[in-house]
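Worksheet for the structure shown next.
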Amino acid sequence: MPNPPMSNDDVSTYEVVIVKYGTRTTRRSDVFLNYHLYHEPDGPMGMDYFFWVLRNGFRTIVVDTGFSPEGGASRGRTQVASVPSLLGALDIDPGAVTTVVLTHAHYDHAGNLGLFPQSPVVVAEREVEFWESRYAERTLFRHSMDVDNIEQLRKIRAEGRLELICGSSVVAPGVEVIEVGGHTPGQCLVKVDTPDGPVLLASDAIHYYEELERDMLFSSVADLVAMYRAFDTVKTMVDTGEVQHLVSGHDPGTLERFAPITGDLRRLASTIGAPRG
Ligand SMILES: [Zn+2]
């Protein structure tokens with residue numbers, strides 16, 4: 001069964017849905033790397049957790065799969081709604097999702113993979129290699145990873161559903177996955193064509209808009225230079241108009257920047273390029 005029929009009948013443009021499934025309150029000094037270097041007061045800072053859906057009349061692509069209930073609970077995160085219930089509210093049958101794209105393999109982006117037993121899963125080869133390497137066990141990396149998720153990825157590979165990419169790759173008409181590294185070894189951006197112009201899902205290359213605007217790096221980094229380089233890549237894409245809408249990975253202000261979805265998903269989802277009429 002295809003996912004819900006849409007009036008959008010262009011095979012290469014999509015509606016992008018930003019879905020919030022979790023939240024927490026942290027502090028600026030926890031968010032920004034070496035915060036003392038900025039000589040600014042500390043203070044509370046919200047952090048929201050999202051996954052993203054790209055869909056048209058032909059395809060439904062899920063970008064990242066959120067943290068598992070256990071993965072969120074063990075770190076004290078608040079789940080505002082479960083990923084399966086949010087997919088249900090969007091009329092998405094997980095068993096019929098065309099493709100799952102993982103921007104990286106952190107616990108809050110690669111949980112719940114068991115919900116999608118049929119879908120090919122696209123992820124950077126470098127990302128999978130890293131999380132299977134001995135460095136994944138080191139304290140500063142281990143905190144962000146769930147062993148169960150890496151096990152799931154192994155299972156998906158054994159089933160022949162893992163699609164490993166290197167550099168950048170067009171994974172469907174109008175959907176390009178672009179590897180930038182930095183935050184994790186194989187962190188990716190996802191560029192999507194919509195009827196309202198190209199959208200960049202920055203995921204954790206840009207957790208907060210403030211990172212990009214003020215050139216402040218997030219605290220969790222695999223490669224400092226690559227993370228700055230990813231800022232430059234995103235800035236160039238925005239400045240040249242290559243992308244018209246920038247979607248952050250965790251900024252609590254993200255949903256307000258785009259058209260809210262009402263009904264069951266009120267305050268939990270916004271949309272770009274929704275079919276009209
Ligand atoms: Zn994240």
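A short reminder: the numbers here are calculations on the coordinates, not readings from a lab. The shown structure was predicted, so the numbers you read here are calculated from the model rather than taken from an experiment. We place every Cβ from the backbone using ideal geometry, glycine too, and count neighbours over all the protein chains shown.
Tabulated results
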| quantity | calculated |
| --- | --- |
| Identity of the residue in the range 229-267, small (G, A, S) and not in a helix (DSSP H, G or I), that ends up surrounded by the fewest Cβ atoms within 10 Å (Cβ to Cβ) | G241 |
| Any chance E210 is touching a Cys at 6+ places or on another chain (Cβ under 6 Å) and on the phi < 0 side of the Ramachandran plot | no |
| Single residue of S203, S168, S144 found to be within 15 Å of the ligand (Cβ to nearest atom), touching a strand residue (DSSP E or B) at 6+ places or on another chain (Cβ under 7 Å) and under 26 Å from K235 (Cβ atoms) | S203 |
| Flag if D251 is of a type in the set (D, E, K, R) and within 16 Å of the ligand (Cβ to nearest atom) | yes |
| Qualifying residues in the range 66-108 (those that are closer than 23 Å to V122 by Cα, of a type in the set (A, V, I, L, M, F, W, C) and assigned to a helix (DSSP H, G or I)) - the one nearest to the ligand (Cβ to nearest atom) | V83 |
| Unique match (being within 19 Å of L265 (Cα to Cα), surrounded by fewer than 22 Cβ atoms within 10 Å (Cβ to Cβ), over 15 Å from the mean Cα position of the chain (by Cα) and of a type in the set (G, A, S)) among S12, S85, S29 | S85 |
| Residue list for the range 169-187, filter: more than 17 Å from S119 (Cβ to Cβ) and assigned to a strand (DSSP E or B) | V170, E176, I178, E179 |
| Candidates A226, A274, filtered to the one that is out of contact with any Pro (no Cβ under 7 Å at 6 or more places or on another chain), in a loop (DSSP other than H, G, I, E, B) and more than 16 Å from the ligand (Cβ to nearest atom) | A274 |
| Residue that is farthest from C188 (Cα to Cα), among those in the range 236-277 that are free of Cβ contacts under 8 Å to residues at least 24 places away in the same chain and within 18 Å of the chain's Cα centre (by Cα) | E256 |
| Residue that is farthest from G72 (Cα to Cα) [pool: residues in the range 143-158 that are surrounded by fewer than 12 Cβ atoms within 10 Å (Cβ to Cβ) and of a type outside the set (G, A, S)] | E151 |
| Looking only at the range 188-199, and only at residues there that are more than 16 Å from the ligand (Cβ to nearest atom) and part of a strand (DSSP E or B), the one that is nearest to N56 (Cα to Cα) | V192 |
| Test for V62: is it in contact (Cβ under 8 Å) with a residue 40 or more places away in the chain and surrounded by 14 or more Cβ atoms within 10 Å (Cβ to Cβ) | yes |
| Subset of the range 32-46 [small (G, A, S) and either part of a strand (DSSP E or B) or surrounded by 10 or more Cβ atoms within 10 Å (Cβ to Cβ) (or both)] | G46 |
| Output for the range 143-168, where each listed residue is touching a helix residue (DSSP H, G or I) at 6+ places or on another chain (Cβ under 7 Å) and part of a loop (DSSP other than H, G, I, E, B) | M145, D146, C166 |
